[in-house]
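Okay, so here's the structure we're looking at.
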Amino acid sequence: MTEMNPISRFFVNLSARRRSNRRYAWISSGVAIPASSRCLELGCGNAIFAAQFVEKFRPSSYEATDLDPEQLTRARRLLARQFPAGVPAELHLQEANMLQLPFPDSTLDVVLAFVTLHHAGEDHHDFAAVQRALSEVNRVLRPGGRLVYEEFLHRDAIRSWLGSKGFVIERVDRRFRLERVAARKPPVPDTP
C-alpha cells in the first residue's frame, strides 16, 4: 500500500504538533542521541517531528521517509513554512518502503519509527511484515545504534524480537495502549 486512505491521513495529521512535542520531550529527557548522529525516520508524515529534531539535536543527517507521496507533499509544504530561509542541508525527504530501505548496511546511528511499524504490511495485524521491517532496521543500524519507536500493536512481540537479536531495551514508557521504547543494538564484540 503506497498511500494512506484519506481518513487515516486526516487523523495522522490532526494533532501532529502535539504528538511531536510529546515525543521530543520524551527523547530529550532520557534517550541518548549521540552528537552529529546519522538518523532515519520511518513514516515521517508531515515532517513536523523531523523539523523539531533537526533544530534541537543537530544530527549530521536526517533522512525523513514515508511511503505515501501525499504525506511527503505535505512535509515539503510544512518544511518550507518552518524554514523560510531554506530547509537545513542535513534534512532530506524521500519516499521509502521500510521493507526495503535504500540505505547501506550499518550506516545509521538512530532509527525513529512513531506508530508506523504496524504499517509494514497490508494487514496491520501481520507480525511477519513487522519482523521484515525490523530486520531492515537492524541491517541499516550500526553496532551500538539506537531504535526509538512508538507502537500500540505488537508491543510484546517487537520487544521480544529485539531481545532475540541482542538489542538492549534502555527505556520504556507505557501510556494506555501506546508504548515508547528506546533500544540499543549490541556493539561489535571485542575480538581477542
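The values are calculated or read from the model by the stated rules, or taken from the named source; none is laboratory data. If you're wondering where the values come from, they're calculated on a predicted model, not measured in any experiment. As a convention, Cβ positions derive from the backbone with ideal geometry for all residues, glycine included, and neighbour counts pool all protein chains shown.
Numbers below:
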quantity: Test for S37: is it in contact with a helix residue (DSSP H, G or I) (Cβ under 6 Å, 6 or more places away or on another chain) and either at pLDDT 95 or above or not aliphatic (A, V, I, L, M) (or both); calculated: no
quantity: Residues of region 95-124 that turn out to be touching a Ser or Thr at 6+ places or on another chain (Cβ under 6 Å) and either in a helix (DSSP H, G or I) or under 15 Å from V54 (Cβ atoms) (or both), as a count; calculated: 2
quantity: Test: E70 is surrounded by fewer than 22 Cβ atoms within 10 Å (Cβ to Cβ), over 19 Å from G145 (Cα atoms), in contact with an Asp or Glu (Cβ under 7 Å, 6 or more places away or on another chain) and in contact (Cβ under 8 Å) with a residue 40 or more places away in the chain; calculated: yes
quantity: Matching residues in region 83-94 - criterion: being within 15 Å of the chain's Cα centre (by Cα) and crowded, with 17+ Cβ neighbours inside 10 Å; calculated: L91, L93
quantity: For A75: the one exception among (1) of a type in the set (A, V, I, L, M, F, W, C); (2) touching a Lys or Arg at 6+ places or on another chain (Cβ under 8 Å); (3) in a helix (DSSP H, G or I); calculated: (2)
quantity: From the options I48, I27, residue that is among the aliphatic types (A, V, I, L, M), in contact (Cβ under 8 Å) with a residue 24 or more places away in the chain and closer than 22 Å to G144 by Cα; calculated: I27
quantity: Residues being out of contact with any Leu (no Cβ under 8 Å at 6 or more places or on another chain), hydrophobic (A, V, I, L, M, F, W, C) and over 25 Å from V140 (Cα atoms) - total across region 65-100; calculated: 4
quantity: Residue match in region 163-173 (condition: under 14 Å from A113 (Cα atoms), in contact with a Leu (Cβ under 9 Å, 6 or more places away or on another chain) and at pLDDT 95 or above); calculated: no
quantity: Every residue from region 179-190 that is of a type outside the set (D, E) and exposed (fewer than 14 other Cβ atoms within 10 Å of the Cβ); calculated: P186, P187, V188, P189
quantity: Qualifying positions in region 95-127 - within 19 Å of F167 (Cα to Cα) and surrounded by fewer than 14 Cβ atoms within 10 Å (Cβ to Cβ); calculated: D105
quantity: Any chance R171 is surrounded by fewer than 21 Cβ atoms within 10 Å (Cβ to Cβ) and assigned to a helix (DSSP H, G or I); calculated: no
